[in-house]
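Report on one structure; see the data block that follows.
The values are calculated or read from the model by the stated rules, or taken from the named source; none is laboratory data. A quick note: this is a predicted structure, and the numbers were derived from the prediction, not measured. Ideal geometry is used to build each Cβ from the backbone, glycine not excepted, and the neighbour counts take in all protein chains shown.
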């Protein structure tokens, strides 16, 4: 499973699907999905989208690309899906995030900046809401 996760981390901007990921580790798509879910607590698709959104957040903070350009730069094929997923994970639409930026401040320690700017995955959001 680590090879699959590492591949998604490296190749997040490329077209990846469960079938091609499974083929790379000699498994069926269904078996890979089940094993990945057991190992990491989320589907391969959810993990990949989180990686893409994390990268999109960095690109949007830079401010030199439009939301549409960022969408395609991180490997998403649909602006609507990208915007919906971004809003779910970050809490604001990508256009608002681009305008306002993140609560990152110059001079902030990188470990703190990473924590402050990282998207919240669905399972984390559910546990935070329940608190």
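Quick notes on this one:
- Total residues in region 65-81, condition at negative phi and part of a loop (DSSP other than H, G, I, E, B): 6
- Conditions (1) within 21 Å of residue 71 (Cβ to Cβ); (2) without any contact (Cβ under 8 Å) to a residue 60 or more places away in the chain; (3) not in a loop (DSSP other than H, G, I, E, B): number failed by residue 16: (3)
- Top-ranked residue in region 19-41 [being part of a loop (DSSP other than H, G, I, E, B) and surrounded by fewer than 17 Cβ atoms within 10 Å (Cβ to Cβ); ranked as nearest to the chain's Cα centre (by Cα)]: 41
- Candidate set: region 73-97, residues that are surrounded by fewer than 20 Cβ atoms within 10 Å (Cβ to Cβ) and touching a residue at least 60 places away in the same chain (Cβ under 8 Å); chosen: the one farthest from residue 51 (Cα to Cα): 77
- For region 43-73, the set of residues classified as closer than 16 Å to residue 6 by Cα and either more than 9 Å from the chain's Cα centre (by Cα) or modelled with pLDDT under 90 (or both) consists of 43, 44, 45, listed by residue number.
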